[in-house]
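No value in this document is a laboratory result; all are computed from the given coordinates. No experiment lies behind these values; they were computed from the predicted model shown. Note: ideal-geometry Cβ built from the backbone for every residue, glycine included; neighbour counts use all protein chains shown.
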Amino acid sequence: MTVQASHAIDEAMEKSLTVMAPRPDVGSLAIENVGKTYDPEGARVVALHDCSVDIAPGDFLAIVGPSGCGKSTLMNIIAGFDNVTEGRVLLDGQLLATPSSPPKPGPDRVVVFQNGALFPWKTVLENVMYGPLVQHKMTLDVAEERAMDLLTKCGGLDKVAASYPPQLSSGMQRRVEIVRALINEPKILLLDEPFRAMDTVSKNTMHQHLLEMYRVCRKTIIFITHDLEEAIYLADKVIVMTSRPGTIKSTIAVNLPRPRTPEMMLGAEYLALKAQAIASVHEEAKKAFERGEREHA
Amino acid sequence: MKAAEEGMKASIADRPVKRNRRLPKMNWRGALAVAAFFLAWHFLVLLKAPGFREIASPIEVLNTFLTQYIGNPKYWNSWVASFKRVIYGFVLAQVLGIPLGLLLGTRETFHNLVYPVIEILRPIPPLAWVPISILFWPTTELSIIFITFIGAFFIIVINVHDAVRNIKKEHYWLALSLGANGGQVFRRIMIPSVIPSIAVGMTLGMAVTWNVVIAAEMIAGDNGLGRLTWEGYVSHTVTVVIIGMISIGLAGYLSTIGVDYLEKKMMPWRGTR
């Protein structure tokens, strides 16, 4: 990202600091007693057990847990890449997945993967236009205009529209991926540890970018991470999972005001939430938390 | 450090959309090495170094080339003959090998059925096919083309097959998420994912086809650059042998340039990072 572009964001943020986009009407998700067992006839690996979560439209939900706790499995089920073996998932009251009817992937639930999955053979602009064009939802001209508009809005990414993804920094790549998801007007945006491999400085910058995107194009967001601090800082609700089998250990409501600023991480309210989170999840979350700490150190 | 990084990113961002074409820079060191090679050769022959007694000097070779070969249609026909065989064998290998590799990578049943046969045939060196090929095909020309084809065929099949199996599942999933159907995933995800491996297969295949075509011409051909070189040896004219060898080297080099050009056309996203 260019220096000017980041200044532009800062200015824009200062101008309309408190104006959140209104809550959308769609994008509620109900996960009801969901269980997932791999290889039920053989090894019987229980990845998820009796998980229930309710997400309101426009909510920012974070799921925290150590590696292998089934958080990616849960995300793959919501995205439609995997099926449940127990329970059901409802999207806006419509059945999405039951053991007998596997979910299908669709543009209403787009994932941003942790290792990045921009198509390297397409330019940034072509990547962003891919969804609407492949669905025949927009003409080339409309798609291009809409893509450029979104890229501009999301921190001056229009400047790199003609570049190929490998030319960009990983932070920029991830932001382009979020834009590629947003252009489809998804009901839910699924972020699977998108900032995992980043250093602290880039990560903090990305947090501000993500919060800004959330402020401007408000969607239901499910954000998976193993970093408790990041989860509390970004989300309205934090779900802590434990591993083997993956179950939901506790739910923490985060009532920090929006927009969030990095200074909040030093505030009493934030620290209290962090303490509460650590206390409520005992051993398992401590492990996850320490892992988060190590990455920050 | 940070400022430098920002500066770099800014320069990427500000890069104009159209990439400017620049003439390739002259490689002075490479030119020097080629000159040194000829010089060393010349003096080794002049000093009658061990092993160099029978070898012609570069000046003799150049002299023979200029007086007997440069205007000789038979010599240029050898070029045409060899190039024809290489191109036929190479193109045929790509045209048949790429779809076969894609099929093997995507269809499980087909893979189980056909792959073992390929794994048995693949280790057989192309030259081991010469006798059968001569017996099978009605003309020598066809048998040489066939052997050349064998050289490039298995390489491209294996490369494409592996590439299909290694496509990032995130790319595949994402395409489905974004609303692509099966045909679109094949055209827009699978094909571009496999193109870098096709390029590698083509580079390797081109090198092998030249190896094979020269050897096959020496064994079975009645014209071509391989035959020219062999005839030089049989008639004890070392200058001809060396003209043949240099011609083969140049022909191979030209083919590599051609394949490189093709690869750049196939992958506009490469070479920009």
Mind pulling the angle between the C-alpha long axis of helix B:225-234 and the longest principal axis of chain B? Nearest 10 degrees, somewhere in 0 to 90. 30 degrees
Cα centroids of region B:195-273 and region A:101-147: how far apart, whole angstrom? 43 Å
Run the quick spin-label model on residue B:103 and residue B:32: label points 7 Å from Cα toward the beta carbon, then report their separation in nm to one decimal. 5.4 nm
Cα Rg, Dmax, region B:56-266, angstrom units: 20.8, 69
Fluctuation leader among A:60, A:223, A:81 - chain A, Gaussian network, Cα springs under 10 angstrom: A:81
Convex hull volume of the protein assembly as shown per residue (C-alpha atoms, cubic angstrom): 224 Å³
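Please list A:252-259, A:172-179, A:34-41, B:216-223 highest first by mean number of surrounding beta-carbon atoms within 10 Å per residue. Spell out each step's value before the answer.
On the way: A:252-259: 14.1, A:172-179: 23.8, A:34-41: 16.0, B:216-223: 20.1.
So the order, starting with the most tightly packed, is A:172-179, B:216-223, A:34-41, A:252-259.
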Could you give the length gained by full extension between residue B:95 and residue B:80, i.e. 0.36 nm per residue of separation minus their alpha carbon distance, to one decimal place? 3.2 nm
Return the distance in nm (one decimal) between the two label points of a simple spin-label model at residue A:152 and residue B:46, each offset 7 Å from Cα along Cα→Cβ. 7.1 nm
On a 30 Å Cα-Cα criterion, which of the cross-link pairs B:74/B:265; A:36/A:219; B:74/B:264; B:25/B:168; B:84/B:168; B:168/B:264 come out too long? B:74/B:265; B:74/B:264; B:25/B:168; B:84/B:168
Summing -39500 (n - 2.57) over the DSSP H runs of n ≥ 4 in the protein assembly as shown and dividing by its residue number, what mean residue ellipticity at 222 nm do you reach, to the nearest 500 deg cm²/dmol? -18500 deg cm²/dmol
With labels modelled as points extended 7 Å from the Cα through the Cβ direction, what inter-label distance (nm, one decimal) is found for residue A:26 paired with residue A:185? 0.7 nm
Against the longest alpha carbon principal axis of chain B, how many degrees, from 0 to 90 and to the nearest 10, is the axis of helix B:28-46 turned? 30 degrees
Working from Cα positions, state the angle (0 to 90°, nearest 10) between the long axis of helix B:191-220 and the longest principal axis of chain B. 20 degrees
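To the nearest 0.05, how large is the calculated FRET efficiency for residue B:165 and residue B:124 if R₀ is 25 Å and r is the Cβ-Cβ distance? Mind dumping the intermediate values first?
Details: r = 24 Å, r/R0 = 0.94.
Working from the Cβ atoms, E equals 0.60.
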Measuring from a point 7 Å past the Cα of residue A:251 along Cα-to-C-beta, which residues in region A:80-100 have an amide N at less than 11 Å? none
